[in-house]
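Before I ask anything, here is the structure I am working with.
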Amino acid sequence: MRTFLLSLLFLTGSLLNFASAQTHESPDAASHEAAAPQEEEFNVGNMIIDHIVDSHDWHIATFGHTHVTIPLPVILIDEGKLVVFSSARFHHGLGSYMGYKIETDRKAGRGKIVKVIPGTMETDKTASKPIDLSISKTVVGIFITFIVLLLVFFPVASAYKRNAGHAPKGMQSLLEPLILFVRDDIAEPSIGKHYKKFMPFLLTLFFFIFFSNLIGIFPFFPGGANVTGNISVTMVLALFTFFITSFIANKSYWMHIFNPPGVPWWLKFPLPLLPLIELTGIFIKPFVLMVRLFANISAGHIIVLGFVSLIFIFANMNPALGYGVSPVSVLFSVFISLLELLVAFIQAYVFTMLSALYFGMATEDHGHEHETAHS
Amino acid sequence: MSLLSTLLQVASDLAPVAKMGAALGAGIASIGAGIGIGNIGRGALESMARQPESTGDIRSNMIVAAALIEGVAFFAIVVCFLVVFI
């Protein structure tokens, strides 16, 4: 256990070293004209968006003109060919490599990898975009959450085996209230007798979302990757719920959707109004799960970034104003971050609870309560 | 005449109007969320006052309902965001 932690520390340290080896002074005059103008106005909207979206390198800090970033691997599938290289070859979006570059135009898919017209730095708008399977910042964030989950739960699992019958100690006693909360307040009331089958998924879902939310609030590396604030990630989580619900649903669930009992016949034939509404409901429920988590977490990050950028907006007007607004801005950011801690837990709870509710509804055994309505 | 040309100028590029619409939409969504969650809070506090020993149950249900309503408000926020940035 200790050696694992030490090797993780070593890995992080070496990554940071690697990162500082990638710092370069501002590029030479030739690429200066291609780069943005030196005295760029501080644009709040752009800064906030740049901190929310995914990117191909992990930007840690900028000191004057040196960028400290961790370059992440770029993996592309272009017309069947696999292309792998480090995103350091892009020189922070100023250079092209092997015919690809990172799009910088804000209106045309900024941050995506596109092909260039050979010999220039312009996007080849007629070429097909390669399939991008890169290890981007969000993917590294998912890996970090995954490593934290493993680091936390393997010791807890072995502690349960060791301490069977005794009081929990250490990490086990920290997590036991949460695990029992998921079992007794989320799974068992919603699903009923067969809740044990769904416990692994619900526990993983809850802790993945909870830890990802928390790690996203932490502003320094390895935190701050905005994993659950990325709609693709929440879409995958919602798709898990959707597929599981569809596969484990029993006959009475599908009956209630396509042939609801107790509903007048003219709503089902010739125009199946109610079945259509119920069908859209099947898709809307996971969709809402996705948007709820994405919007809550993204909004929290945007608010904190907005408060911090208040300082820079005021400083642009007058340096003294900048200093004056800093304590207020920092206090508000702290307050919002505390709120974000609460939101992190609540969103994980709501996502897991609604998933458990959908599982429960799909496997509900109605008994014979509809016998009279079928007459 | 000058009024007409001013109107023409406004009508030719409606992007700022779209942004104003987005801002108004976000404000109205906040009003809706505020009213809805306020109702939930009122119901929850009244019930807790009637029966203090079910405070825990009521609190959990209140938070769940509030999260669901916030989800709807966030829909509106996301739409307004899309209007501004896309």
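For B:Ile28, state whether it is away from chain A (no Cβ under 14 Å) and on the phi < 0 side of the Ramachandran plot.
Taking the combined requirement at face value, the residue satisfies it.
Still on this model: Tell me which residues, restricted to the stretch A:173-187, are away from chain B (no Cβ under 14 Å) and surrounded by 15 or more Cβ atoms within 10 Å (Cβ to Cβ).
Within the stretch A:173-187, A:Leu175, A:Glu176, A:Leu178, A:Ile179, A:Arg183, A:Ala187 meet the criteria.
Quick grid of which residues meet (1) of a type in the set (Gly, Ala, Ser); (2) buried (at least 17 other Cβ atoms within 10 Å of the Cβ):
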| site | (1), (2) |
| --- | --- |
| A:Pro189 | no, no |
| A:Lys197 | no, no |
| A:Ser212 | yes, yes |
| A:Thr228 | no, yes |
| A:Ala238 | yes, yes |
| A:Met255 | no, no |
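Separate question: Just for the stretch B:34-77: of the residues that are among the acidic types (Asp, Glu) and more than 10 Å from the chain's Cα centre (by Cα), which one is nearest to A:Asp185 (Cα to Cα)?
If we filter the stretch B:34-77 for residues that are among the acidic types (Asp, Glu), which is where we start, we get B:46, B:53, B:57, B:70.
Add one more test, that the residue is more than 10 Å from the chain's Cα centre (by Cα), and what stays is B:46, B:53, B:57.
Values: B:Glu46: 23, B:Glu53: 17, B:Asp57: 10 Å.
My answer is B:Asp57.
For the stretch A:240-252, enumerate the residues that are assigned to a helix (DSSP H, G or I) and either of a type outside the set (Phe, Trp, Tyr) or surrounded by fewer than 18 Cβ atoms within 10 Å (Cβ to Cβ) (or both).
The first filter runs over the stretch A:240-252 and keeps only residues assigned to a helix (DSSP H, G or I), leaving A:240-248, A:251-252.
Matches in the stretch A:240-252: A:Phe240, A:Thr241, A:Phe243, A:Ile244, A:Thr245, A:Ser246, A:Phe247, A:Ile248, A:Lys251, A:Ser252.
Tell me, which residue of the stretch A:267-302 that is of a type in the set (Val, Ile, Thr), in contact with a Ser or Thr (Cβ under 9 Å, 6 or more places away or on another chain) and within 11 Å of chain B (Cβ to nearest Cβ) is surrounded by the most Cβ atoms within 10 Å (Cβ to Cβ)?
For the stretch A:267-302, the residue satisfying everything is A:Ile297.
For the stretch A:91-111, how many residues meet the condition of being under 23 Å from the mean Cα position of the chain (by Cα) and part of a strand (DSSP E or B)?
1
Looking at (1) farther than 28 Å from A:Ile49 by Cβ; (2) in contact (Cβ under 8 Å) with a residue 24 or more places away in the chain, find the lone condition where A:Gly165 falls short.
(2)
Yes or no, residue by residue, for (1) within 11 Å of another protein chain (Cβ to nearest Cβ); (2) free of Cβ contacts under 8 Å to residues at least 12 places away in the same chain; (3) exposed (fewer than 10 other Cβ atoms within 10 Å of the Cβ):
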residue	(1), (2), (3)
B:Ala11	no, yes, yes
B:Val17	no, yes, no
B:Leu24	no, yes, no
B:Ile58	no, no, no
B:Ile63	yes, yes, no
B:Ala76	yes, no, no
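May I ask you to list pairs of residues, at least six apart or on different chains, whose Cβ atoms are under 7 Å apart, with the first in the stretch A:240-256 being within 12 Å of A:Gly360 (Cα to Cα) and without any contact (Cβ under 8 Å) to a residue 24 or more places away in the chain and the second being surrounded by 19 or more Cβ atoms within 10 Å (Cβ to Cβ) and not basic (Lys, Arg)?
none
Six or more apart or on different chains, Cβ atoms under 8 Å: show the pairs whose first residue is in the stretch A:146-158 and surrounded by 13 or more Cβ atoms within 10 Å (Cβ to Cβ) and whose second is of a type in the set (A, V, I, L, M) and not in a helix (DSSP H, G or I).
Listed by first residue and then by second, the contacts come to A:Pro155/A:Met1.
Oh, and also: State yes or no: is A:Gly229 in contact (Cβ under 8 Å) with a residue 12 or more places away in the chain, within 14 Å of chain B (Cβ to nearest Cβ), closer than 27 Å to A:Asn46 by Cα and part of a loop (DSSP other than H, G, I, E, B)?
Here the answer is yes, as A:Gly229 does meet what is asked.
So, in the stretch A:344-356, how many residues would count as being more than 9 Å from chain B (Cβ to nearest Cβ) and over 13 Å from A:Leu205 (Cβ atoms)?
So the answer is 2.
In addition: Please count how many residues of the stretch A:63-98 are farther than 16 Å from A:Ala225 by Cβ, among the polar types (S, T, N, Q) and either in the same structural domain as A:Phe143 (by TED's automatic domain parsing) or in contact with a strand residue (DSSP E or B) (Cβ under 7 Å, 6 or more places away or on another chain) (or both).
Within the stretch A:63-98, residues that are farther than 16 Å from A:Ala225 by Cβ, among the polar types (S, T, N, Q) and either in the same structural domain as A:Phe143 (by TED's automatic domain parsing) or in contact with a strand residue (DSSP E or B) (Cβ under 7 Å, 6 or more places away or on another chain) (or both) number 2.
The values are calculated or read from the model by the stated rules, or taken from the named source; none is laboratory data. Computed from a prediction, not measured in an experiment: that's the story for all the values here. Ideal geometry is used to build each Cβ from the backbone, glycine not excepted, and the neighbour counts take in all protein chains shown.
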